[in-house]
Each structure stands twice: as C-alpha cells, then as structure tokens.
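The values are calculated or read from the model by the stated rules, or taken from the named source; none is laboratory data. Remember, it's a predicted structure, so these values are computed and weren't measured experimentally. Using ideal geometry, Cβ is built from the backbone for each residue, glycine included, and neighbour counts are taken over all protein chains shown. Note: accessible area is taken over every heavy atom of the protein model, side chains too, but ligands, DNA and RNA are not part of it. Shrake-Rupley method; radii C 1.70, N 1.55, O 1.52, S 1.80 Å.
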Amino acid sequence: MFKTFSMSSRMGRDLQRYNEGCRQVVGCIPYRYRDSYQSGYNIDDLEFLLISSQKSPRLMFPKGGWEIDESLKDAALRETFEEAGVLGDVDVQDYLGTWSFKSKSQGTFHEGHMLPLLVTKELDDWPEKTARRRLWMKFNEAREVCWHPWMKEALDVFASKLAKRNKEEPQTCPFMELSNEAMPNNIIPTVANQMYNIEEPRMETEANPLTCDEEPSIAPIFNNEQILHSVADSMFNETLFSEELGITHVATPMFNESKNISIVAHS
C-alpha cells in the first residue's frame, strides 16, 4: 500500500530539522531492474533515476529537507515523490550514510542522509513535473553525470553493498539441479536397485520393553545358516585348474571371511 502525498511540495523552513546548526537533508537513489523478470544483486542489471535541478540542467538524485514531523523513511519517500515522481520501497537498514556539504546558494553546511529506493511505480504527474526532467541510466553513466560529489560517493557505497551481497548469495550446484530435474527423488532408489538387482531388506517393528516405543528391526533374508555358509564356501574357496599350464590354485577371497556376509542369489 502506497503512502499518500500531497500534489503540492512542502515549502518553508518552519519544520526544518537542524543538528548543531546544520540543516538536515534526506536524499534517495532511485533504482529499478532493467528487465522486469530480473532480481539479485548485479549492478549491471540496474538503472538509476536522476533529475535535473530546478535552476539548471545539472543532474542529481532527489533530495530535500528533513522535517521534524516525519521519520527518515517518510522524508525520503516524500522528497522522491515530489521531485522525481516515483514511489517505491525504502528500508532504513540499507542506510548508505551521512555526508556533510556546503550549500553554495545559502553558504551554510548541510548534512545529507542517503537511502536507496527500489522504484515500484513511476507516475505521470507529480508536484515538480514542470520544473524538472528525469532520466534513467546505467550505473557508470549515472556516476559520471551526477553533479554532487557526495552523491557520487553514496552511489559508490550502494554499489559496494550490492557487490558484497552478491558474494554472500548462496550458490547452487548446476549438477545437483540437473540431476534433480532429470530424475525425481522417488525414482532414483528404484533405478539403482534395478541396476544392481538388490533386494531391499524387509522392515518390521517390535516394541521396546523399556520405552514402549516401536523400533525397526531388519528381518534376515536367509534364516538357514547352512545355506549361507555353503554359498560362501563355493564362492571364496573354489579350486581352479588350467590344463594348458598344469597349475592348480585356490581363488583368493574377495572379502574377509571372518565377517558375516549375506548373499542373495537372484534368478
């Protein structure tokens, strides 16, 4: 839901905030994604909105006086609406910093607070439409044409924060995504069993006499130990004879016979 603003810009200094004699100014860096489907933290995917000065063609970001009856966020939204004619989202946690600068027209020092604003709506009419023009441009272009050095520094801080977030963004493994798309999770075990012809153990539950909880137990595939040992002996103690070489030898066991081995024969 958008905050409602007056179509007339605030005038006068009666409600103006001061900090030790310095006038408090709030500005925004309005930005948007070049394509509507884009998201993320790549500076090259963004465009930035600059406006002209009321008295000259110099370009800058929207800014204005911070008044005592509004929060930092409200002042940022209002000034951006009045001067640039856009609405959007501002998060004070993305605060870019405070810059001290001297106003050439007034000869006094100001403190400028800068915030980024993600533009969600661009209006056809706004209070200072007839006094300003607005231009969308890429990062490098915006930094080059912006008139105020302290605003350029704020733009650099925004780009630095964006680059940091881009590095911290978790990366997904393309092989993982490919395997998940090509073969659903519920099919993978079935395919593996078909490839190796392995019979999954049958699970049964029995009550734990101490906790009365049901614990899973594996029902053995072979109940006759004699059959198991005869199969193992035939596999690991087979005598091989070569008529051509006249050599008799015993096949080397592939597994440690001291351990219990379950072998399933499939037809």
Subject >> Residue that is modelled with the highest pLDDT [pool: residues in the range 40-58 that are part of a loop (DSSP other than H, G, I, E, B) and hydroxyl-bearing (S, T, Y)] >> reply: S53
Subject >> Residue check for K161: modelled with pLDDT under 95 and under 25 Å from the mean Cα position of the chain (by Cα) >> reply: yes
Original post:
Name the residues in the range 80-98 that are over 12 Å from V26 (Cβ atoms), open to solvent by 20 Å² or more (accessible area, probe 1.4 Å) and either among the acidic types (D, E) or outside any helix (DSSP H, G or I) (or both), would you?
Top reply: L87, D89, D91, D94
Original post:
Among M137, M176, which is the only one that is open to solvent by 50 Å² or more (accessible area, probe 1.4 Å) and either at pLDDT 95 or above or not polar (S, T, N, Q) (or both)?
Top reply: M176
Original post:
Tally time: how many residues in the range 99-108 are over 26 Å from P127 (Cα atoms), open to solvent by 80 Å² or more (accessible area, probe 1.4 Å) and either in contact with a helix residue (DSSP H, G or I) (Cβ under 9 Å, 6 or more places away or on another chain) or not in a strand (DSSP E or B) (or both)?
Top reply: 1
Original post:
Failed condition for A154, given (1) of a type outside the set (S, T, N, Q); (2) part of a helix (DSSP H, G or I); (3) in contact (Cβ under 8 Å) with a residue 40 or more places away in the chain; (4) surrounded by fewer than 17 Cβ atoms within 10 Å (Cβ to Cβ), with all others met?
Top reply: (4)
Original post:
Considering E111, E122, which residue is without any contact (Cβ under 8 Å) to a residue 40 or more places away in the chain and open to solvent by 20 Å² or more (accessible area, probe 1.4 Å)?
Top reply: E122
Original post:
Only one of (1) assigned to a helix (DSSP H, G or I); (2) open to solvent by less than 40 Å² (accessible area, probe 1.4 Å); (3) of a type in the set (D, E) fails for E70. Which number is that?
Top reply: (1)
Subject >> Failed item in (1) of a type in the set (G, A, S); (2) within 16 Å of R143 (Cα to Cα); (3) open to solvent by 50 Å² or more (accessible area, probe 1.4 Å), with G27 passing the rest >> reply: (3)
